[in-house]
Amino acid sequence: MQLILSKAVQRTISEWTDYQPAADRASMLEIIRKYAQTRLDDGKELRLHFICTHNSRRSQLSQVWGQLAAGYYGIPATCYSGGVEVTSCNERTIASLRRSGFEVRQEGGVNPFYYITYSEEALPVVCFSKKYDDPLNPSEGFAAIMTCDHADEHCPFIPGADGRFPLRYEDPKAYDDQEEEAARYDLCSQQIGSELLYLFSQLQAKQS
């Protein structure tokens with residue numbers, strides 16, 4: 001069953017032009033699609049674990065947009081995120097999600113928990129910085145999706161993953177405290193959101 005998104009998030013998505021990936025991105029997304037469709041066809045739980053070095057920007061955005069995309073297209077899947085080291089979910093990431101229409105509730109201080117809501121029909125996505133092997137993340141039977149070059153190059157092996165796929169994005173951190181900061185974070189969020197919505201639109205849930 002497809003989720004009804006909040007009007008604010010739906011408005012953001014509707015403003016994006018129909019996404020068609022370039023050849024290099026299409027090839028990466030197709031590999032992930034084949035893995036995901038095989039899991040669904042086999043009746044296995046689809047778990048996508050987005051990994052970046054600090055679990056503060058790109059992997060968090062990927063977890064949120066991935067979970068939204070799964071619900072939007074009625075695909076049974078759970079999205080996770082983690083890093084190589086613990087920092088915090090960057091406040092600029094949260095600000096960008098708010099600009100896209102997500103509702104955010106914060107709890108805690110140094111490494112806050114952010115509860116990200118995009119539909120009245122879905123539980124919030126809980127975002128906070130953690131290592132990829134945190135107990136809240138899956139320990140087996142998942143796809144490790146590497147969203148940054150550092151993590152991709154320095155973590156060649158992810159224990160428990162039965163698939164490992166690069167899907168790198170430019171780090172918006174390079175624009176922190178610059179005039180184009182907000183625009184660059186929103187551009188990164190849009191690219192991630194567009195690609196994951198495209199990916200999930202290509203999947204078919206197993207018929208009961």
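The values are calculated or read from the model by the stated rules, or taken from the named source; none is laboratory data. Being a predicted model, the structure only gives us computed values, none of them experimental. Positions of Cβ are generated from backbone atoms using ideal geometry, with glycine treated the same way; all protein chains shown enter the neighbour counts. The accessibility values were calculated without ligands, DNA or RNA, using every heavy atom of the protein model including side chains. Shrake-Rupley method; radii C 1.70, N 1.55, O 1.52, S 1.80 Å.
Could you check how many percent of all C-alpha pairs in the chain are farther apart than 24 Å?
36
Please report the accessible area of ARG47 (heavy atoms, 1.4 Å probe, ligands and nucleic acids excluded) in Å², nearest 10.
The accessible area of ARG47 comes to roughly 50 Å².
Considering only protein heavy atoms, with the full assembly of protein chains and a 1.4 angstrom probe, order VAL104, VAL64 by accessible area, largest first.
VAL104, VAL64
So how much accessible area does ASP133 have, in Å² to the nearest 10, using a 1.4 Å probe?
About 100 Å², rounded to the nearest 10.
Please give me the summed charge of the neighbours of PRO159: other residues whose Cβ is under 14 Å from its Cβ, Lys and Arg +1, Asp and Glu -1. Each step should come with its number before you reach the end.
Details: positive: LYS131, ARG164; negative: ASP133, ASP134, GLU140, ASP162.
Residues near PRO159 contribute -2 overall.
Which residues does the label zone of ALA205 cover in region 1-22, counting backbone N under 19 Å from a point 7 Å along Cα→Cβ?
1-6
At 1.4 Å probe size, what's the solvent-accessible area of ILE4? Round to the nearest 10 Å².
Counting only protein heavy atoms, the figure is 120 Å².
Specify which residue in the list SER194, SER27, PHE142 is farthest towards the positive end of the charge dipole of the chain, using unit charges on the beta carbon of Lys, Arg (+1) and Asp, Glu (-1), about the Cα centre.
Highest projection toward the positive end goes to PHE142.
Just tell me, in residue order, which DSSP H segments of the chain are both 27 angstrom or longer along the helix axis (alpha-carbon based) and at least -1.0 in mean Kyte-Doolittle hydropathy.
TM-like helix candidates: 181-201.
Roughly speaking, what is the stretch gain from LYS7 to ARG98, that is 0.36 nm per residue apart minus the C-alpha to C-alpha distance, in nm to one decimal?
Once the chain is fully extended between LYS7 and ARG98, it gains 31.5 nm.
With each run of n ≥ 4 DSSP H residues scored as -39500 (n - 2.57), what mean residue ellipticity at 222 nm is computed for the chain after dividing by its residue count and rounding to the nearest 500 deg cm²/dmol?
About -12000 deg cm²/dmol.
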